[in-house]
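Asks: Below is the structure I would like to discuss, written out as structure tokens.
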Amino acid sequence: MGQRFPWCEPLSARRSAGSGEWTQIVTELGDGDRSAATSDASCTTTRSAADTVGNAVSAALASRTRLSQRPGDAGHSGPPPRPILGAVTSEEPPRAPADPGPPPQIRLAGALVGVQALAAVAFAVVLVVGSFGAEQMGDYLGQAAYFVVIGAGLAAVGGGLVLGRRWARTPAIVTQLLLLPVVYTLIGPSHQLVIGILTGLFVGGTFMLLISERSRVWSMGLDLPDRSDHSDHPESRR
């Protein structure tokens, strides 16, 4: 008779006896709700990040597809791209005409000036040989050195004319003018008529070749081909 049955106890007693258990159950339920809310928030954030990445990848693929399209591809409605460096052609640039070279008058005058150089050197050798045993040996050697220098200058001018150097025409003309007093001396005071006449013909012929019309045109460069047609080409300005 002394046995107690819990369902027979008053409600107030059962509440007081199980208040600790009810408090623990309520606490556990609250923790569970907070964990579920945290999980839901994490899932939402993950889905948002995944959607953002997916949108960025889709935009990049679409942009790459537009850039890879060519003028002949389907769906390309814009104008064809312009070449940056222009069209490449196999046509070679025109070459400038070559220099025709000096006229025959200039080459012949150069050869005659070379002969004058040899004559000057030969006269210098004669002076050196004649200085042996002479009382004024120094004068002979000085004159010989003078003619050697003249001969070297004439050789340079004559070679320039033969090779077609335009600068050589002017000193050659000046040399022929300077030889005219020598011709006069041979014909007049020295009374060497034959040598004077031959020297005069030689000097006069060389002078006339140098001042001829073709020689003048050549020295001024007027015989060069017209290069105006090639001046506008990029290759001709290099």
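The values are calculated or read from the model by the stated rules, or taken from the named source; none is laboratory data. The shown structure was predicted, so the numbers you read here are calculated from the model rather than taken from an experiment. Please note: Cβ atoms are built from the backbone with ideal geometry, for glycine as well, and neighbour counts cover all protein chains shown.
Asks: Out of all the residues in the range 121-144, which are at pLDDT below 85 and of a type in the set (S, T, N, Q)?
Replies: Within the range 121-144, S131, Q136 qualify.
Asks: Here are the criteria: (1) in contact (Cβ under 8 Å) with a residue 12 or more places away in the chain; (2) surrounded by 13 or more Cβ atoms within 10 Å (Cβ to Cβ). Tell me which single one L177 does not satisfy.
Replies: Just one mismatch for L177, condition (2).
Asks: Check whether at least one residue in the range 181-189 is more than 17 Å from P102 (Cβ to Cβ), assigned by TED's automatic domain parsing to the domain that holds L108 and not in a helix (DSSP H, G or I), and report yes or no.
Replies: Yes, the range 181-189 has at least one match.
Asks: Checking the structure you have, find out if any residue of the range 144-154 is assigned by TED's automatic domain parsing to the domain that holds L210 and under 20 Å from L209 (Cα atoms).
Replies: Yes, there is a match, as at least one residue in the range 144-154 is assigned by TED's automatic domain parsing to the domain that holds L210 and under 20 Å from L209 (Cα atoms).
Asks: Can I ask one more? For the range 197-218, name all the residues that are buried (at least 20 other Cβ atoms within 10 Å of the Cβ) and among the small types (G, A, S).
Replies: Answer for the range 197-218, where residues must be buried (at least 20 other Cβ atoms within 10 Å of the Cβ) and among the small types (G, A, S): just S215.
Asks: Evaluate the following for V129: is it under 22 Å from G114 (Cβ atoms) and either β-branched (V, I, T) or surrounded by fewer than 16 Cβ atoms within 10 Å (Cβ to Cβ) (or both)?
Replies: Criteria not met by V129.
Asks: With respect to L163, determine if the residue is closer than 16 Å to P102 by Cα and modelled with pLDDT of 90 or more.
Replies: yes
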